[in-house]
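Enquirer: Sharing a structure here in structure tokens format.
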Amino acid sequence: MDTMTMHNSFLISNLDAIMTGLPNGAARHTGPDIRILDGVIAAIGKLVPQPGERIVDASDCVAYPSWVNTHHHLFQSMLKGDPEGINASLTPWLAATPYRYRAKFDEKLFRLAVRIGLVELMRSGCGTVADHNYLYYPGMPYDTSAILFEEAEALGLRFVLCRGGATQTRQLEAELPSALRPETLDAYLRDMERLIKHYHDPSPAAMRRVVLAPTTPLYSATPEELRTMAAFARNAGVRLHSHLSETVGYQETAQGKHQCSPVEFAERYDWLGSDVWFAHLVKLDAAEIALLGRTGTGIAHCPQSNGRLGSGIAPIRQLEQAGVPVSIGVDGAASNEAADMISETHAAWLMQRARRGQDALPSYAGGDFEGGADAATVEDVVRWGTTGGARVLGLDGIDGLQIGQQADIALYRLDDPRYFGLHDPALGPVVAGGRPYLKALYVGGRAVVLDDNIPGVDLAVLGRQARAETRRLLAA
């Protein structure tokens, strides 16, 4: 870490704008300066440099809290743009791409995929990553969990391992190698105990967390096993995460097998609560939205993957109004070839407006509004992608750009023509899309990106490795 960090007490000066990630009237701060002491935000305002204080000149830059990505599948970074799955919806896509290639991953390929995914996220200003890793099977010759923590630590990121896996399958794997066979419940829980002991830090500003996260409740375990898992997690003091209601298939399975909705199924087996968040939640009825809100169950909203697979657009406006904590995840790169937080938040901003506007009717048909531009503001999206993520992960020490919080900060310099002419520079990273120049990315006051470069990472070399491994994967 010594070669990739700077001393974590300094003054960021002359910012054009500061987005805090906080709600309502606190969403912005006029700044223009932020003082960092020992990795913590000590002051924000018009500040006078102290004797000997190191100054980071942030002229022409805007400051955001570093993004918090609450749902990913990093191993899929080597499965982008697969022709067999590019035009498939969720279930055929699962068979065509991630399940077809899963057994072909060895330690070298897995590590490379993880590094690519983390680097892509960092270059968008993401400082915290929750990866829903489900690459586990009996007798596995390498430890995917250890690799994930090692790669995140080497890059200086906060990392949350959502330990996926399954004790039963969707039958998509029935004809595939033994590397795709399910685990037993005992083996799964023993590994959870190992991971919690070695990696889990319950502190508010933890760099490492572990979450219990079977891949999909309706398919990956029996109902009684789900109840056992939930009790185990709560006794161990870790959170719960999984996929839910991504497509109508979840609705059909829940009704056909259990005569209830997917959210009612989750409630029945103790899988709702403020310590639970689900990815997707696209297909919901009003009763499910109310139930999620009453229990404080969170969402990792993944708009680009949901669009890429044709799943739909999650009802974020209704969910948040009901009391659901909202966060943003990029999902796996095999179903989202732009797996970074700038493109994800740009999509979230647009898609919520499009969803609302789709419901507009002419007045003669009973309509009373023209469009959906009020469905999501930039401030909403920044909050979902930063402090919203911290909330669902239980990381209370990264609650936005405010005094006393960890200095997890992205400094964007808006010097590309796509940002020229902006009346409000604070909006640029979200509304203009693309990838702004990242002057610095700080995690706990440590600079893990400097002048748009990641110290110790040669992108040209990483690209050559990716191309070589892609050719090897395709030839296998």
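Enquirer: Rolling a 1.4 Å sphere over the protein heavy atoms, what is the accessible area per residue of segment 54-135, to the nearest Å²? Walk me through the intermediate numbers first.
Expert: On the way: 2210 Å² over 82 residues.
Per-residue accessible area for segment 54-135 comes out at 27 Å².
Enquirer: Keeping every protein chain in place, order I41, I403, I55 by accessible area at 1.4 Å, biggest value first, i.e. largest first. Please report the intermediate quantities before stating the final value.
Expert: On the way: I41 0, I403 115, I55 80 Å².
Ranked list, largest accessible area first: I403, I55, I41.
Enquirer: Follow-up. Using Cα-Cα distances under 8 Å and only pairs 6 or more residues apart, what relative contact order does segment 358-407 have, in percent? Working shown, then result.
Expert: Details: 31 pairs, mean separation 9.1, N = 50.
The normalised contact order for segment 358-407 reaches 18 percent.
Enquirer: Sticking with this structure for a sec: Averaged per residue, what accessible surface does segment 348-471 expose to a 1.4 Å probe, in Å²? Display every interim value, and only then the final one.
Expert: Values: 5650 Å² over 124 residues.
On a per-residue basis, 46 Å².
Enquirer: Which shape class, rounded, prolate or oblate, goes with segment 388-476 when its Cα gyration tensor gives a ≥ b ≥ c as root eigenvalues, a/c under 1.5 marks rounded, and past that a/b bigger than b/c marks prolate?
Expert: Numbers: a/c = 2.08, a/b = 1.40, b/c = 1.49.
Oblate shape, in that a/c is at least 1.5 and b/c is the bigger or equal ratio.
Enquirer: Next question. Treating the Cα atoms of the chain as identical point scatterers in vacuum, please give the log10 of the normalised Debye intensity I(q)/I(0) at q = 0.06, 0.07, 0.09, 0.13 Å⁻¹, two decimals.
Expert: Here the Debye-derived log intensity ratios amount to -0.25, -0.34, -0.58, -1.22.
Enquirer: Here is a further query. Run the 1.4 Å probe and let me know the accessible area of D408, rounded to the nearest 10 Å².
Expert: Per-residue accessible area (D408): approximately 10 Å².
Enquirer: Based on the mean of other Cβ atoms within 10 Å per residue, sort peptides 462-469, 380-387 so the most packed one is first. Don't skip to the end; give the middle numbers.
Expert: On the way: 462-469: 13.2, 380-387: 27.5.
Highest to lowest by the protection proxy: 380-387, 462-469.
Enquirer: Expected output is a single nm value to one decimal: the length gained when fully extending between E252 and D38, i.e. 0.36 nm times separation in residues minus the C-alpha distance. What is it? Provide the component values of the computation, followed by the final result.
Expert: On the way: separation 214, 0.36 × 214 = 77.04 nm, distance 5.24 nm.
Value of the extension gain: 71.8 nm.
Enquirer: What's the center-to-center distance, using Cα atoms, between segment 218-240 and segment 261-322 in Å?
Expert: 18 Å
Enquirer: Also, quick follow-up: Expressed as a whole percentage, what fraction of the accessible surface of the chain belongs to carbon and sulfur atoms when a 1.4 Å probe is rolled over the protein heavy atoms?
Expert: Numbers: 9260 of 18230 Å².
Answer for the chain: carbon and sulfur cover 51 percent of the accessible area.
Enquirer: Would you tell me the accessible area of Y101, worked out with a 1.4 angstrom probe on the heavy atoms of the protein chains, in Å² to the nearest 10?
Expert: Accessible area of Y101: about 20 Å².
Enquirer: Still on this structure: Going toward the positive end of the dipole of segment 372-476, with +1 on Lys and Arg Cβ and -1 on Asp and Glu Cβ, which of N453, P425, W384 do you reach last?
Expert: After comparing all options, I get N453.
Enquirer: Can you list the DSSP H helices in the chain whose Cα atoms extend at least 18 Å along the helix axis and whose mean Kyte-Doolittle hydropathy is 0.0 or higher? Write down the numbers at each step before the final one.
Expert: Values: long enough: 107-122 (22 Å, 0.89); 185-199 (21 Å, -0.64); 223-236 (20 Å, -0.44); 341-358 (25 Å, -0.69); 459-475 (24 Å, 0.03).
Helix filter hits for the chain: 107-122, 459-475.
Enquirer: Any chance you could check the Cα centroid distance between segment 406-443 and segment 53-107 for me, in angstrom?
Expert: The distance from the Cα centre of segment 406-443 to that of segment 53-107 comes to 21 Å.
Enquirer: Given R₀ = 41 Å, what would the calculated FRET efficiency be for T91 paired with A146, taking r from the Cβ atoms and rounding to 0.05? Don't skip to the end; give the middle numbers.
Expert: On the way: r = 31 Å, r/R0 = 0.77.
It comes to 0.85.
Enquirer: Step through the table entries K80/K283; K197/K283; K80/K257, compare each Cα-Cα distance with 29 Å, and write down the pairs that go over it.
Expert: K197/K283; K80/K257
Enquirer: Using Cα pairs under 8 angstrom and six or more residues apart, how large is the relative contact order of segment 280-375, in percent?
Expert: Values: 144 pairs, mean separation 23.3, N = 96.
RCO, segment 280-375: 24 percent.
Enquirer: What do you reckon, how do K197, K439, K257 stack up by accessible area (1.4 Å probe), largest on top? Please report the intermediate quantities before stating the final value.
Expert: Numbers: K197 170, K439 40, K257 140 Å².
Reading off the accessible areas and sorting them downward yields K197, K257, K439.
Enquirer: Relative contact order of the chain: what whole-number percent is it, with Cα pairs under 8 angstrom and at least 6 residues apart? Write out the running numbers ahead of the final one.
Expert: Working: 1046 pairs, mean separation 99.8, N = 476.
21 percent.
Enquirer: Right, here's the next one. Antiparallel versus total DSSP beta bridges in the chain: what percent is that, nearest 5? Before the final figure, lay out the partial values.
Expert: Working: 26 of 58 bridges.
Bridges in the chain that DSSP calls antiparallel: roughly 45 percent.
Enquirer: Additional query: Let me cross-check E264: its accessible surface, 1.4 Å probe, with only protein heavy atoms counted, in Å² to the nearest 10?
Expert: 80 Å²
Enquirer: Continuing with the same structure: Go ahead and run the numbers for FRET between Q259 and A231, Cβ-Cβ distance against an R0 of 25 Å, rounding to 0.05. Before the final figure, lay out each step's value.
Expert: Values: r = 24 Å, r/R0 = 0.96.
In this case the efficiency is close to 0.55.
The values are calculated or read from the model by the stated rules, or taken from the named source; none is laboratory data. These figures come from a predicted structure and were not determined experimentally. Glycine gets a Cβ as well: all are built from the backbone with ideal geometry, and neighbour counts include every protein chain shown. Heavy atoms of the whole protein, side chains included, go into the accessibility calculation; ligands, DNA and RNA do not. Shrake-Rupley method; radii C 1.70, N 1.55, O 1.52, S 1.80 Å.
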